[in-house]
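Everything on this sheet refers to the single structure shown next.
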Amino acid sequence: MITTPPPVHNLVLNVRSFDSLARNVWGGDAALITLQLDSTLIRIDRSRKNPAKLAKEIKTLQKQGKQALQTLDPGDSALAHDAIQALKTNLQLFAQVLKQLKR
């Protein structure tokens, strides 16, 4: 079943929520990662009307998201596991947006 991803702005807000949660769960360990994600999210939000630039920024976000997933250890925290799963889901939705841009 092919589903339409949510609007880009909604995805940006979802990942920003992850950033906020990550700062609370992982503290300083997540600082650099969340700052990188935030700056990329700002560029994504600004480039929504330019498909080529939007695609480039989504690819950057995917790389940073992959790094975050490899770096942040959820340990035994249910909240951390939920945050990681939310980031994975939103990165998958961004991948769907990227596929649509390439059509």
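Each value in this text was obtained by applying a stated rule to the coordinates, not by laboratory testing. Keep in mind it's a predicted model, so treat the numbers as computed, not measured. Note that each Cβ is placed from the backbone with ideal geometry, even for glycine, and that neighbours are counted across all protein chains shown.
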Exercise for the section: Note the angle between two axes, namely the Cα long axis of helix 51-71 and the longest principal axis of the Cα atoms of the chain, as a number of degrees from 0 to 90, rounded to the nearest 10. Expected result: 20
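What net charge is computed for the residues neighbouring HIS81, neighbours being all others with C-beta under 12 Å from the C-beta of HIS81, Lys and Arg scored +1, Asp and Glu -1? Each step should come with its number before you reach the end.
On the way: positive: LYS88; negative: ASP73, ASP76, ASP82.
With Lys, Arg at +1 and Asp, Glu at -1, the net is -2.
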Practice task
Quick one: compute a quarter of the convex hull surface over the Cα atoms of the stretch 25-103 and quote it in nm².
Solution key: 5.0
Practice task
Using +1 at the Cβ of each Lys and Arg and -1 at the Cβ of each Asp and Glu in the stretch 1-87, identify which of ALA52, PRO6, ALA31 lies farthest towards the dipole's positive end.
Solution key: ALA52
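Can you tell me the relative contact order of the chain? Whole percent, Cα pairs under 8 Å, sequence separation 6 or more. Please list the in-between numbers first.
Values: 75 pairs, mean separation 39.4, N = 103.
In percent, rounded to a whole number, it is 38.
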Handout entry: Nearest-ten-degree value, helix 78-102 long axis tilted from longest Cα axis of the chain
Key = 10
Exercise for the section: Quick one: grab Rg to one decimal and Dmax as a whole number for the stretch 3-71, Cα atoms only, in Å. Expected result: 12.2, 37
Practice task
Assign unit charges at the C-beta atoms only (+1 for Lys and Arg, -1 for Asp and Glu), then state the dipole size of the stretch 8-102 relative to its Cα centre in Debye, rounded to the nearest 20.
Solution key: 780
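Looking at the stretch 1-51, which trypsin sites (Lys or Arg not before Pro) are in a loop (DSSP not H, G, I, E or B) and have at most 12 other Cβ atoms within 10 Å? Please report the intermediate quantities before stating the final value.
Values: sites: ARG16, ARG23, ARG43, ARG46, ARG48, LYS49; in loops: ARG48, LYS49.
The qualifying sites are LYS49.
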Handout entry: Helix axis angle, 31-46 relative to the chain longest principal axis, alpha carbon, degrees
Key = 20
